[in-house]
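The values are calculated or read from the model by the stated rules, or taken from the named source; none is laboratory data. All figures in this text were calculated on a predicted structure; none of them were measured in a lab. All Cβ positions, even for glycine, are placed from backbone atoms using ideal geometry, and neighbour counts span all protein chains on display.
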Amino acid sequence: MSPAKQSRKQRAAAARVASALKAPQLPVKKDFLGDGRARFRAYLWAICMTFAYGFVNNLLLSRPENRVNEESVVVCAATLIAHVFFYYARAASANIRSRLTERLWVALQQLGQRKFTRIASVSVLASLLLVSAIPLDAVSASLVKMIQNGRLPESVAQFAIQEVAYVQSYKTRKQIAATDPAALNPVSNSHTWQGYKPTAAQGRLGIVGKGIEETKFLLGPSAEGFAYTHPMPMIFSDFTVVSLGHDPEKPIPQFLITTLGASQDVVINNVRVVGLAQDIENLTWTNDTFENCLIRYHGGPLRMANVRFFNCTFEHPPTVSGVQILMDHLSTHQGEPVNVYFP
Amino acid sequence: MPDPEHIAASSAQARPYWWVEAWWNARDRVVAALTELIATVALLVALGFIYFVLRLMILAGMPVDGIAFLETVDFLAFKAVLLTFSIAFVLQAILSAKNSLNAKS
C-alpha cells in the first residue's frame, strides 16, 4: 500500500511510531556491581599496576620490602577507586584499552560457556587445592633432610652400613664357597676371638665413610700405611685412600697392615685404593677397586667378590702353582670384576 | 510517636521470610560475588602451585640464584592478586551498601 492511499489515522500512527524510534533512548543507569566487564577491567588494571609497582621497586630498585608492600596497598586501592570513579563519571569511549579488555572478557565468557572448559577447570582447581594442602615448608624441610641425611640418624646409618657389609660378605662367602661347604662356617668360630660378639652399641672396629666420592683419605710420603688389622671382626667401608707418593728408599706404604694379625672377618667393602701396596690374603674383599697398586699374595686364604684391579702389579712366590694361576688371571683380566675363593 | 523497636518487631512479624526475599532479589549479585571469590582462590592457588614447583626445582638441584628471581616474581603476583581482590570486595561492599541506602530513600 502506498503512503498516498493510507488513511489519515494510519498516517498519524506511522508518524508516531517513526518518531518514537528516532527519539533518543533514555540513558541506562550505570551499576558497577552489575557490570561484569567493568569489574573485570578494574581487576586487571589493579593487578597489573600493583605487580608492576612491586616489580620495579622491589626487584629493580631494591627498595625495602615492607615499604613497597605498604605502598602497593595504596597503589592497588587507588587504581580500583579510580576505575570506579571514572566508570560513573565519564561516558564510555571505545579506545584501544577498552577494546582489549572487551576482547579478553568475551574470550573468557566463551570459554566459561563450554562444558569441557568447566570440567577441566574444576579438575585443575581440585588437584591444585589437593597439592596446595601440603604445607610447603614442611615438605621442603623433610625432603632436604631426606636427601642430606638419608632419614637416619648418623649412628643408625653407620650401623646399617656395617650390617649391609656383613651380609654382603656372608653372601660372598656363600657364593664363592658353593663348592666347599666348609666355607659357610663362620671364621671367627675357629679363632681365639670366638667369644667376641659385636653389639649394636659397639659395632665393629674399623672405618666407615660416606662413600667413595664423599670420603677421601690422602696418605703423605712419610706414611707407612693406612690402618692396622687385628684378628677380629673389623669393617672398612665406603671411602677412598689415595697415596700422594712415597720415599723411593722405603717400601710402598700399605693400605691395611696385617702384621698384628688378620681375619676373614675383616671386611673391606666398597673401598677404592690408589697407589698403595696390599697383602690381600686372609681378608674378605667385597666391591672394592685397586688402582696402580702393588698386590701381594702368598697363597693364604682369600675371599673376594666383585673386586676390580686397574693397572696393578702382582707379586707372589714363584713356587706355588695355584697362586701363579690366580695372579696370571688377575693381571690379564684387569678392569673386570673378580670373584675368588681360596680356603 | 511509636517506639522503633515496636515497629521493627511488627515488621518482622508481618514478613517472616524477609531474608529469603532479600536474597532472591539480590541473587544475581550474590552468584557473581561467589564466582569472583572462586576465581580468586583458583588464581591464588595456581600461583602457590608455581611457587611449590619452583621450590621442588631447587631441591632437585637447579641453581638457586636463577629460581630465586622467579620465586620473587611469583610472590609479587600472588600479593598483587590478593590485594586487588581484597580491596575489591571491600569496595563492592561499600557500593552495595550505598545502593541499598539510595533505593530506600
Can you list residue pairs whose Cβ atoms sit under 6 Å apart, with the first residue in region A:99-116 being more than 21 Å from A:TRP45 (Cβ to Cβ) and the second being basic (Lys, Arg) and modelled with pLDDT of 70 or more? Count only pairs 6 or more apart in sequence or on different chains.
none
Inside region B:91-105, can you point out the residues that are within 14 Å of the chain's Cα centre (by Cα) and more than 9 Å from chain A (Cβ to nearest Cβ)?
B:ALA93, B:ILE94
Enumerated strands (runs of 3 or more DSSP E) restricted to region A:199-261, each holding at least 3 residues that are on the phi > 0 side of the Ramachandran plot
none
(1) touching a residue at least 60 places away in the same chain (Cβ under 8 Å); (2) among the small types (Gly, Ala, Ser); (3) surrounded by fewer than 20 Cβ atoms within 10 Å (Cβ to Cβ): which one isn't true of A:GLY299, the others all being true?
(1)
If you scan region A:233-289, which residues turn out to be at pLDDT below 85 and among the basic types (Lys, Arg)?
A:LYS250
Please tell me if B:ALA77 is within 17 Å of A:PHE55 (Cβ to Cβ) and either at the interface with another protein chain (Cβ under 7 Å from one of its Cβ atoms) or surrounded by fewer than 16 Cβ atoms within 10 Å (Cβ to Cβ) (or both).
yes
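Do we have any residue at all in region A:309-330 that's within 28 Å of A:GLU214 (Cα to Cα) and touching a helix residue (DSSP H, G or I) at 6+ places or on another chain (Cβ under 7 Å)?
Here is the first cut: in region A:309-330, the residues within 28 Å of A:GLU214 (Cα to Cα) are A:309-313.
Narrowing further to those that are touching a helix residue (DSSP H, G or I) at 6+ places or on another chain (Cβ under 7 Å): A:309.
There is at least one residue in region A:309-330 that is within 28 Å of A:GLU214 (Cα to Cα) and touching a helix residue (DSSP H, G or I) at 6+ places or on another chain (Cβ under 7 Å).
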Total residues in region A:38-67, condition at the interface with another protein chain (Cβ under 9 Å from one of its Cβ atoms), of a type in the set (A, V, I, L, M) and within 28 Å of B:GLY66 (Cβ to Cβ)
4
Going through region A:265-320 in order, the residues found to be of a type in the set (Val, Ile, Thr) and not in a loop (DSSP other than H, G, I, E, B) are A:VAL266, A:VAL267, A:ILE268, A:VAL271, A:VAL273, A:VAL274, A:THR284, A:THR286, A:THR289, A:ILE295, A:VAL307, A:THR313
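Here is a yes/no grid of residues against (1) touching a Ser or Thr at 6+ places or on another chain (Cβ under 7 Å); (2) under 26 Å from A:VAL56 (Cβ atoms); (3) without any contact (Cβ under 8 Å) to a residue 12 or more places away in the chain; (4) not polar (S, T, N, Q):
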{"site": "B:TRP19", "(1), (2), (3), (4)": "no, no, yes, yes"}
{"site": "B:GLU36", "(1), (2), (3), (4)": "no, no, no, yes"}
{"site": "B:LEU44", "(1), (2), (3), (4)": "no, yes, no, yes"}
{"site": "B:GLY48", "(1), (2), (3), (4)": "yes, yes, no, yes"}
{"site": "B:ILE67", "(1), (2), (3), (4)": "no, yes, no, yes"}
{"site": "B:ALA77", "(1), (2), (3), (4)": "no, yes, no, yes"}
Unmet requirement for B:GLY61, which otherwise passes all of (1) modelled with pLDDT under 80; (2) under 25 Å from A:LEU44 (Cα atoms); (3) at the interface with chain A (Cβ under 10 Å from one of its Cβ atoms)
(2)
Out of everything in region A:68-112 that is under 44 Å from the mean Cα position of the chain (by Cα), at pLDDT below 85 and within 14 Å of chain B (Cβ to nearest Cβ), what residue ends up being surrounded by the most Cβ atoms within 10 Å (Cβ to Cβ)?
A:TRP105
